[in-house]
Amino acid sequence: MKIGLIIAMESEYRKVGEMIGGDCGRLGENTVVLHKCGIGKVNAAVGTVGLIEKEHPDCVISSGVAGGIDRCLDVMDIVVAEQTAYHDVWCGDGNEKGQVQGLPPRFESDTRLCDAAMAGAAGNVKRGLTCTGDQFITSKEALAKIKADFPEALAVDMESAAIAQVCYLKGVPFMSLRIVSDTPGATPDHFKQYLDFWAELSERSFTNLRAILERMPAKL
């Protein structure tokens with residue numbers, strides 16, 4: 001099948017591009033088309049629409065890095081998001097936290113993709129909820145607010161729920177697969193932790209990511 005792989009940042013894009021030999025290549029039994037959307041929800045949504053309309057992928061995977069916000073996670077671990085939700089959306093009474101009115105409060109990932117990711121995993125890989133918002137989480141206060149609203153959340157990023165929303169509206173199977181690059185709230189200087197990840201640990205982490213992507217099914 002054809003997998004549309006969406007990446008936000010240039011640093012992520014280079015690493016994943018090396019895996020497949022450019023913007024399009026093979027991993028395992030599948031063709032992978034790589035697309036860099038830019039950081040944040042609007043960029044992610046626009047990029048996903050463009051990818052779907054141009055490439056007609058059989059599924060879309062949001063990948064790259066995320067902040068780990070659960071004690072079970074450390075840097076280099078991988079989060080398979082079986083659900084995504086917005087942590088910065090509130091549409092008033094009658095809606096759940098994170099729910100865009102008229103849409104599900106959480107977007108479900110494709111179970112077949114999640115099962116394949118877990119089966120192909122090496123190292124510490126967790127399956128659960130990833131929360132998305134237009135905010136780089138740096139403070140304990142911001143982290144506490146997210147955990148109060150979504151106590152089971154494992155990770156935070158700035159794109160996955162927006163990509164999931166577009167896929168939901170377009171009827172395209174989706175999954176988010178993110179490497180933990182930092183653990184906000186768990187270390188005194190997590191921005192340094194984030195920089196250290198890119199300087200020292202990213203190569204091994206993206207090798208683990210490749211192993212998972214190579215195990216994706218040939219069809220859904």
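Here, each number is a calculation from the coordinates, and none is a lab measurement. This one's a predicted model, so the numbers in the text were calculated from it and none came from an experiment. In this analysis, Cβ positions are derived from the backbone assuming ideal geometry, glycine residues included, and neighbour counts consider all displayed protein chains.
Sorting ASP149, ASP74 on the 10 Å Cβ count, fewest up front, what's the list?
Final ranking by Cβ density, sparse to dense: ASP74, ASP149.
On a straight-distance basis, which aspartates and glutamates could pair with LYS192 in a cross-link, Cα separation under 17 angstrom, same-chain partners fewer than 8 positions away excluded?
Candidates past the 8-residue exclusion: ASP74, ASP182, GLU200.
Return the distance in nm (one decimal) between the two label points of a simple spin-label model at GLU141 and ASN95, each offset 7 Å from Cα along Cα→Cβ.
Result for the modelled spin labels: 2.5 nm.
In a GNM of the chain with a 10 Å cut-off on Cα contacts, which of GLY25, GLY67, GLY98 has the highest mean-square fluctuation?
GLY25
Of the candidates GLU29, GLU12, GLU53, which one comes out as most mobile in a Gaussian network treatment of the chain with C-alpha springs shorter than 10 Å?
Looking only at GLU29, GLU12, GLU53, the largest GNM fluctuation is found for GLU53.
Explain nothing, just the number: relative contact order of region 50-117, from Cα pairs under 8 Å at least 6 residues apart, as a whole percent.
Normalised by residue count, the contact order of region 50-117 is 23 percent.
What are the DSSP H helices in the chain that stretch 20 Å or more along their long axis, judged by alpha-carbon atoms, and whose average Kyte-Doolittle hydropathy comes to at least 0.0?
Those that clear 20 Å and a mean of 0.0 are 41-55.
Using a Gaussian network model of the chain with C-alpha springs under 10 Å, which one of THR183, THR84, THR130 is most mobile by mean-square fluctuation?
THR183
Based only on other Cβ atoms within 10 Å, what is the fewest-to-most ordering of HIS56, HIS35?
Fewest-to-most ranking of HIS56, HIS35: HIS56, HIS35.
Nearest 500 deg cm²/dmol is fine: what mean residue ellipticity at 222 nm does the chain get from its DSSP H runs of n ≥ 4 alone, each adding -39,500 (n - 2.57), divided by its residue count?
About -10000 deg cm²/dmol.
Could you check the simple spin-label distance between ALA211 and GLU10, using points 7 Å along Cα→Cβ, in nm with one decimal?
Result: 3.1 nm between the two label points.
Report the relative contact order of the chain, percent, no decimals, based on alpha-carbon pairs under 8 angstrom and at least 6 residues apart.
Relative contact order, the chain: 29 percent.
Remind me, relative contact order of region 92-178 in percent, using alpha carbon pairs under 8 angstrom and six or more residues apart?
34 percent
Give me ASP134, ASP93 sorted ascending by neighbouring Cβ count inside 10 Å, so fewest comes first.
If I rank by nearby Cβ atoms, fewest first, I get ASP93, ASP134.
Full extension from GLU18 to VAL42: what is 0.36 nm times the residue separation minus their Cα-Cα distance, to one decimal in nm?
Additional length available on full extension: 6.0 nm.
From the cross-link list LYS147/LYS170; LYS2/LYS170; LYS36/LYS140, which pairs have alpha carbons spaced over 25 Å apart?
Result: LYS147/LYS170; LYS36/LYS140 exceed 25 Å.
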